[in-house]
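Below you'll find the structure, written out as structure tokens, and then a few comments.
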Amino acid sequence: MANNSILDDLSIYSREFMLGHGKVACLLVHGFGCGPIQMRELAENLSKWGFTARGILLPGHCRNMGGYSLNVHHDWMAKVESEYHQLKSAYQEVVVIGFSLGALLTLHLSMHYAPEKIILMGTPLYLIRRYLPIPSVIRVCKRFFKQVKTRKRRCYMESEGYTGYLHQPADTHFSIPALYGLTEIITAVDLGLKAVRSPALVIHSKKDLIAAPASARRVMKHLGSGDKRLVWLERSHHLMMYDKEKDMVFRAIREFIAYT
């Protein structure tokens, strides 16, 4: 029976995990303001398909994001890099799968290293709209504000780890320094797309109100990889792993990882 209550225990949101025993390992990197639980349902499917799935917690997340330094994004990048190298030392192949902020961190990693494959879901190169100066506004706001209240969305999740409703984002507030760090990563990734050579699957929704669809077009145009594929979603929003086309997202990921 479905659990109709909303999970409010951040310790469950923040639990890292390792599932499966496949020769190919998948590193799953969650989005801004959430935690490993955001990638849990996908990870359980990856495990069933014969892959190993490692879900990580980016530093500071699931703890009400306040009080960050302006260099917090370096901690996020270091975490992804460390986890990637640990998997590379133990598995034949490593596929990095990132959602939203996690997609940006996946691209940043791939600018310096060469994962066997990368999967980018809802990459926010442009926030909300292509021509809105959101990064500039955030840079100005960091002088005057410490945090901003979040708008939570209720999403239904079906997994062995937890079945029921989640709040996403998990945190009640985002710190302005953390948002500033997000804009710094966007800038670095946008400048370094041509350096990414790994085969890439880009999944994006035409109705995404967080990561403008123009983001996916820019990634596809400038990514240095000779093997890049774009899957457009027609009916989903930003949180595609929980939306109407979830099965399509999972199927595209499975087929991309499995092909040789």
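The values are calculated or read from the model by the stated rules, or taken from the named source; none is laboratory data. Note that the structure is a prediction, hence the values are computed from the model and not measured. Counting neighbours? That spans all protein chains shown, and the Cβs are built from the backbone with ideal geometry, glycine included. Only protein heavy atoms, including side chains, enter the accessible area calculation; ligands, DNA and RNA are left aside. Shrake-Rupley method; radii C 1.70, N 1.55, O 1.52, S 1.80 Å.
Contact list please: Cβ distance under 6 Å, first residue in the range 7-32 and without any contact (Cβ under 8 Å) to a residue 60 or more places away in the chain and open to solvent by 10 Å² or more (accessible area, probe 1.4 Å), second residue in a loop (DSSP other than H, G, I, E, B) and of a type in the set (Val, Ile, Thr), pairs at least six apart or on different chains. From the range 7-32, the pairs are Glu16/Ile56.
Given the condition in a helix (DSSP H, G or I), of a type in the set (Ser, Thr, Tyr) and either touching a Cys at 6+ places or on another chain (Cβ under 8 Å) or buried (at least 22 other Cβ atoms within 10 Å of the Cβ) (or both), answer yes or no: does some residue in the range 154-176 qualify? Within the range 154-176 (the criterion being in a helix (DSSP H, G or I), of a type in the set (Ser, Thr, Tyr) and either touching a Cys at 6+ places or on another chain (Cβ under 8 Å) or buried (at least 22 other Cβ atoms within 10 Å of the Cβ) (or both)), the answer is no, since none of the residues qualifies.
When Leu28, Leu57 are checked against the criterion of being closer than 16 Å to Gln86 by Cα, at pLDDT 95 or above and part of a loop (DSSP other than H, G, I, E, B), Leu57 stands alone in meeting it. Would you confirm, using the coordinates I've provided, whether Leu201 is at pLDDT 95 or above, assigned to a strand (DSSP E or B) and under 18 Å from His108 (Cβ atoms)? Yes: the conditions hold for Leu201.
Val189 satisfies every condition listed in (1) open to solvent by 30 Å² or more (accessible area, probe 1.4 Å); (2) within 18 Å of the chain's Cα centre (by Cα) except (1).
None of Glu81, Glu44 is part of a helix (DSSP H, G or I), in contact with a Leu (Cβ under 7 Å, 6 or more places away or on another chain) and open to solvent by 40 Å² or more (accessible area, probe 1.4 Å) except Glu81.
Within the range 204-224, being β-branched (Val, Ile, Thr) and over 20 Å from Ala114 (Cα atoms) holds for one residue alone: Ile210.
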